[in-house]
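Here the structure is laid out as structure tokens; the discussion comes afterwards.
No value in this document is a laboratory result; all are computed from the given coordinates. For clarity, every value in this text was computed on a predicted model and none was experimentally measured. Here the Cβ positions follow ideal geometry from the backbone for every residue, glycine too, while neighbour counts run over all protein chains shown.
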Amino acid sequence: MLGREPRRGAELDRAAARAEVEKLSREYGLAVDPDDVVETLPVGIAQRVELLRELAREPAVLILDEPTAVLAPAEIDALFATVRALALRGTAVLIITHKLQEVVAHTSRITVMRAGKVVARLETAQTNVDAIARAMVGGELPELAARMETTPHPALAVRGLGAGESSLAVRDASFEVRGGEIVGVAGVEGNGQSALADAIAGVISYRGTIALGGITLPAGEPARRIARGIRTIPQDRRREALVLPWSIVENAALGDQRSPSLRRGATVDRKAARELAKRIVEGFDVRTPSVDTSVSELSGGNQQKVVVGRALAHDPKFLLVYQPTRGIDVGAAALVQSRLIEARNAGVAVLLISFELDEVLALSDRVIVMYRGAIVGTFERGSIDRARIGSLMAGAGLQTGPVVESA
């Protein structure tokens, strides 16, 4: 309601404001709790708040930058229905996005940019996803790495996990992630995924047990988790993964500054950190003039490559991956996804939390479905049923308890 606050005399009418937010939430299909504090929200729910604020103004010009990056499929459909209605009423809508299926389905004209320059102007009705992708990357898309046969072995075990508060909590979750497999978590944002990730990373307290290689990990000690081989790709790279004013070199060492490979006496070995940064830049095709460049000057995709490269640089035993391709272009996304498959092929245990269902289904050896903080379904790769998973994500068909399906 910022900028259009309802008032009762000189005072803010909080009851009216709350009622208006609830009405907007229902009207646009973007679920929010009017009393939540925004700084405590997962990035996806915070984005719903931003969208509601702008849609409610019925603007003459609406600019949406990656508006669906962390929305659920039903929310995406509702958003585009609203956007089409605004356009029909005369609003000019500019959408900046890397989701090419949405571009083809919902736009009139397309401008493709690469390396800061316009490289193509297309009429949507006369093009397709492949042509747009080729224009974006300047050639053919890289193919995903091949999935190799592995011999899965015990790695991470979660038992009776409870963490977080209210509707964002995770409740009594038990599962395993074995070395040599990717386990994908499917679910609508706000169903306990953030609490699950934060508990595994050791940054919040929790009930239950989390063990790696049979050794129980204490809560609240993320540094000890790093020392045991747990690496994390957080959901919000700018707030949780990077120090934006710092250089690529400094960010490459972040989190591993106590590692023997990056130490020289009591200080960080700058030469070793620089070599690490160079390996990340070269191995992940980070577009930068120098490893001394501040990460704030990099594009979102290149920032993400730095985060992913850092997580994979020290031969992790377990990789916690949250929205790894959010807001990055198709070429960068294919590179990141290939690196995750290669890590899995090398025996790393990977837990993938993504709100892109296609990404979960494409990469996972096993899929677990979360709804209201609980695990409500488990699917082996050979038995994955997209429609059934989508139904469980929405809470349908849960009367008989969790679903377990194997090939």
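Mean 1/r over all different Cα pairs, inverted: what Kirkwood radius does region 7-137 give, in Å?
16.5
Indicate the gyration tensor shape class of the chain (rounded, prolate or oblate), computed on the Cα atoms with a ≥ b ≥ c the square roots of the eigenvalues: a/c under 1.5 is rounded; otherwise a/b larger than b/c is prolate and the rest oblate. Don't skip to the end; give the middle numbers.
Details: a/c = 1.44, a/b = 1.21, b/c = 1.18.
Taking the square roots of the gyration eigenvalues as a ≥ b ≥ c, the chain is rounded.
Students often check this: by mean Cβ neighbours within 10 Å, which of 131-144, 229-242 ranks highest, and how do the rest follow? Display every interim value, and only then the final one.
Working: 131-144: 14.9, 229-242: 21.1.
Going by the mean number of other Cβ atoms within 10 Å, highest first, we get 229-242, 131-144.
The distance separating the Cα centre of region 87-159 from that of region 216-257 comes to 29 Å. For Gly213, the residues whose modelled amide H falls within less than 5 Å of its own, excluding neighbours fewer than 5 places apart on the same chain, are Ala155, Leu156, Ala157.
Pairs of lysine residues in the chain that meet both criteria, 8 or more places apart or on different chains and Cα atoms under 28 Å apart, total 9.
Quick one: work out Rg over Rh on the C-alpha atoms of region 280-407, Rh as Kirkwood radius. Could the numbers behind the result be given before it?
Values: Rg = 17.0 Å, Rh = 16.2 Å.
When Rh is taken as the Kirkwood radius, the ratio is 1.05.
Please give the calculated 222 nm ellipticity per residue for the chain, where each DSSP H segment of at least 4 residues contributes -39500 (n - 2.57) and the sum is spread over every residue; nearest 500 deg cm²/dmol? When only DSSP H runs of four or more count, the value is -10500 deg cm²/dmol.
Using 0.36 nm times the number of residues separating Val104 and Ala31, minus their current alpha carbon distance, what extension gain do you get?
Numbers: separation 73, 0.36 × 73 = 26.28 nm, distance 2.64 nm.
Additional length available on full extension: 23.6 nm.
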